[in-house]
Each structure stands twice: as C-alpha cells, then as structure tokens.
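The values are calculated or read from the model by the stated rules, or taken from the named source; none is laboratory data. No experiment lies behind these values; they were computed from the predicted model shown. FYI the Cβ positions are ideal-geometry reconstructions off the backbone, even for glycines, and counts take in every protein chain you see. Accessible surface areas use protein heavy atoms only, side chains included; no ligands, DNA or RNA. Shrake-Rupley method; radii C 1.70, N 1.55, O 1.52, S 1.80 Å.
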Amino acid sequence: MTTDRRSFLKAGVSGLTALAAVPLMGNLAGCQQTPTRQAAGSAAARKTALTSEKLTDRVTLINGAPGNVLVLSSDDGVVLVDSGSPTMAGAVRKSLAGAKVRTLFNTHYHADQTGGNALFGAAGTEIHAHLITRQWLATDYYVPAEDRWVKALPKAAWPTKTFREKGETKAGAESIEYGYLLEAHTRGDIYVFFRDSNVLAVGDVASPLRDPALDWFAGGWLGGRVDAMDDLLALAKDDTRIVPAYGPVMTRAQLQAERDMMLHLYDRTTDLTDHGRSAQDMLDEGVLNEVSRKFDDPYKFLYDVAKGHWAHYTNFGGNIV
Ligand SMILES: [Zn+2]
C-alpha cells in the first residue's frame with residue numbers, strides 16, 4: 001500500500017581556524033526531540049567541541065554545533081547549510097575567521113539548524129529556506145510534547161528568500177541546487193546539492209545516528225519521509241557525499257539502506273494503523289525488531305509514526321477499523 005503516498009502531491013573556507021580544541025557548552029537538545037530556541041542552560045547541557053572535516057577543496061563540514069553545518073567556500077563568499085543551535089552559532093561564526101557569509105540555507109525550522117539566523121541575518125547574509133520554514137520561524141507555535149509555546153524569532157532571523165519547489169544558484173564556480181522534500185521530517189524540509197562538489201545536504205531527512213525524528217505536529221510523517229528519501233536517491237550518484245543534520249557523512253548505499261528500513265516500517269505500521277492499532281501495539285508486536293537498527297527511544301518513534309499516520313490516513317487507504 002505504498003503507491004498512494006504521493007497521490008496528494010501537488011502539492012574549505014579560507015582561514016577556517018583549527019576547531020578541534022574549542023570546548024564549549026553546547027545545547028544537547030535534540031532537533032526534533034526538543035525544538036527549543038533558547039539555550040538549554042541546564043543539566044542537559046554538556047561540553048561539546050566543534051570539529052571540522054574537509055570534504056573537498058571548497059566544502060568543509062563542521063560537526064558539533066551540536067549537529068552538522070556545511071560550509072562552501074567560493075570567490076563570492078561563503079555559503080552555509082544550517083548554522084548550529086542558538087548556543088553554538090557564535091562558535092560557528094568564529095570558526096569562519098571573518099569570511100563573509102553570503103548565503104545561509106535552512107534545511108528546516110528546528111532550532112539546532114536555525115540558531116544562527118539572527119547572527120548571520122543581522123550581518124547581511126541572505127537566508128534561503130522553504131516558505132513554510134519561514135512561516136514557522138515567524139509565528140509563535142505550540143510544542144505538544146512539552147506543553148509549551150515557542151515564540152517567533154525576531155524579524156532579522158527570518159529567511160529572506162523563500163521558495164516552494166526548487167531552485168538553483170551559483171556561488172563562484174559551484175552550481176547549487178535546492179528543493180522541497182515534502183513532509184519528511186517537518187513540512188518545510190529541503191535538500192541543498194553542491195552539484196560540482198558532489199555533496200548533498202539533506203537535513204534531518206536522513207538520520208544515521210539518532211532515531212529518525214518525525215515532527216508530526218509540524219507535518220512530518222513516515223510516508224513523506226520515504227518519498228523524500230526516494231527523491232534524494234534519485235539525485236545522488238554512487239559517489240555523492242550525503243550530509244545529514246546529525247551524524248557522519250553517508251554514502252548513497254547507506255541512504256538506500258535507511259530508506260529501505262523506513263519503507264519496511266511504513267508498510268508494517270500503516271497496516272497496523274489500518275487495523276486501529278496504537279503505537280504501544282506496534283511496540284508490543286516487535287515491529288522495530290524487524291529492522292537492523294537500534295532505537296534509543298522506540299516508543300517515542302512509534303508514537304510519532306502513529307500520530308503522523310492518523311494525520312495522513314487517507315493517503316494509505318483510509319479504511320481504519
Ligand atoms: Zn529537525
């Protein structure tokens with residue numbers, strides 16, 4: 001019952017300083033798990049350090065912000081994909097050693113990715129994002145898992161250039177393509193593909209390290225995630241380096257394996273949802289034991305899966321008993 005998932009679809013930096021020895025207090029708050037916009041400043045915080053990894057002559061990956069920040073160096077200035085959490089964005093900027101950041105892409109609205117918007121936006125950086133990401137950042141929103149409201153970001157932090165489907169731009173010699181990934185993790189996810197460098201940033205749509213997160217309240221669901229991973233697989237070549245929001249650089253084969261896992265879980269959990277079964281039922285059935293992956297919080301993952309399914313049940317049959 002997977003064919004209907006899409007049926008509703010219309011819908012290195014010069015001067016990058018040594019980073020390894022910069023211990024900082026980082027916000028441990030997970031991207032989707034705790035979409036806070038404030039510094040944690042609590043027991044949840046721990047020491048973390050930025051590190052960097054040079055992927056190509058002009059592309060560098062910064063780790064530990066607390067997620068990944070991708071840096072493209074060009075004659076026209078620096079292009080960033082995501083900017084770290086509010087507590088780490090300053091360290092990210094410092095690591096660029098004064099290089100002018102021309103463009104910042106937000107892969108989605110979560111605070112771990114958009115924490116530097118205000119900082120870079122105030123310095124004149126153009127912020128590119130999906131239209132829905134700007135709407136989330138510009139509006140107070142509710143976080144059901146924590147029963148609280150998050151305030152809109154100040155206007156200086158809002159994306160300045162938005163799109164609905166896809167687009168292209170150049171930075172020096174690099175061709176950059178970007179596009180929408182419908183309802184994969186939030187409702188505003190995008191990929192950013194540095195075409196010439198063959199590096200593809202996918203945000204939280206792939207999750208090799210953490211439990212795959214589905215921000216169902218913001219429109220993410222497992223069916224969207226599988227479709228989006230198919231879109232990414234169509235873009236990627238065998239030797240494309242795929243950069244998730246958290247965790248190590250992935251190969252196309254690793255992305256394929258994660259997508260196959262998600263498709264299996266999609267098939268099993270939509271079938272159970274069709275029969276009126278809950279997240280606890282899915283857990284009791286041992287659905288997650290059928291894939292070769294260990295989940296840190298199996299119930300939370302399945303709870304979010306079930307919430308997303310109920311929000312989209314007309315996409316997979318809709319005959320829930
Ligand atoms: Zn996220």
With equal scatterers on the alpha carbons only and no solvent term, can you work out the Debye log10 of I(q)/I(0) for the range 56-127 at 0.15, 0.16 1/Å?
-0.39, -0.44
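Using the structure shown, list the pairs from Lys54/Lys100; Lys100/Lys237; Lys94/Lys161; Lys54/Lys294; Lys100/Lys161; Lys100/Lys170 with a Cα-Cα distance above 22 Å, or answer none. Show your work: numbers first, answer last.
On the way: Lys54/Lys100 19 Å; Lys100/Lys237 31 Å; Lys94/Lys161 25 Å; Lys54/Lys294 29 Å; Lys100/Lys161 18 Å; Lys100/Lys170 16 Å.
Violating the 22 Å limit, Cα to Cα: Lys100/Lys237; Lys94/Lys161; Lys54/Lys294.
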Distance between Cα centroids, the range 70-136 to the range 148-219: provide it in whole Å.
12 Å
What list of ³J(HN,Hα) couplings, whole Hz, do you get for the range 292-298 from phi and the Karplus terms 6.51, -1.76, 1.60, once you set θ to phi - 60° and write x for glycine and proline?
8, 8, 9, 9, 5, 9, x
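Multiply the residue gap between Asn289 and Leu233 by 0.36 nm, knock off their C-alpha separation, and tell me the result in nm, one decimal place. Walk me through the intermediate numbers first.
On the way: separation 56, 0.36 × 56 = 20.16 nm, distance 2.52 nm.
So the extension gain works out to 17.6 nm.
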Taking a crude spin-label model, label points 7 Å out from Cα along the C-beta direction, the Phe163 to Ala253 distance in nm is 3.2 nm
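As an exercise, use a Förster radius of 35 Å and the Cβ-Cβ distance of Ala99 and Val143 to find the FRET efficiency, rounded to the nearest 0.05. Spell out each step's value before the answer.
Numbers: r = 35 Å, r/R0 = 0.99.
Efficiency at R0 = 35 Å is approximately 0.50.
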Quick one: compute the contact order of the range 48-151, relative version, from alpha carbon pairs under 8 angstrom and 6+ residues apart, as a percent.
19 percent
Quick check: residue separation of Ser175 and Gln280 times 0.36 nm, minus the Cα distance between them. What number comes out in nm?
33.2 nm
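For the range 78-196, what does the accessible surface come to per residue with a 1.4 Å probe? Please give it in Å². Please report the intermediate quantities before stating the final value.
Working: 4540 Å² over 119 residues.
Solvent-accessible surface per residue comes out at 38 Å².
As an exercise, find the ratio Rg/Rh for the range 152-310 from alpha-carbon atoms, using the Kirkwood inverse-distance average for Rh. Write down the numbers at each step before the final one.
Working: Rg = 16.7 Å, Rh = 16.5 Å.
Answer for the range 152-310: 1.01.
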Mind ranking 205-212, 167-174 by how tightly packed they are, going by the mean number of other C-beta atoms within 10 angstrom, highest first?
205-212, 167-174
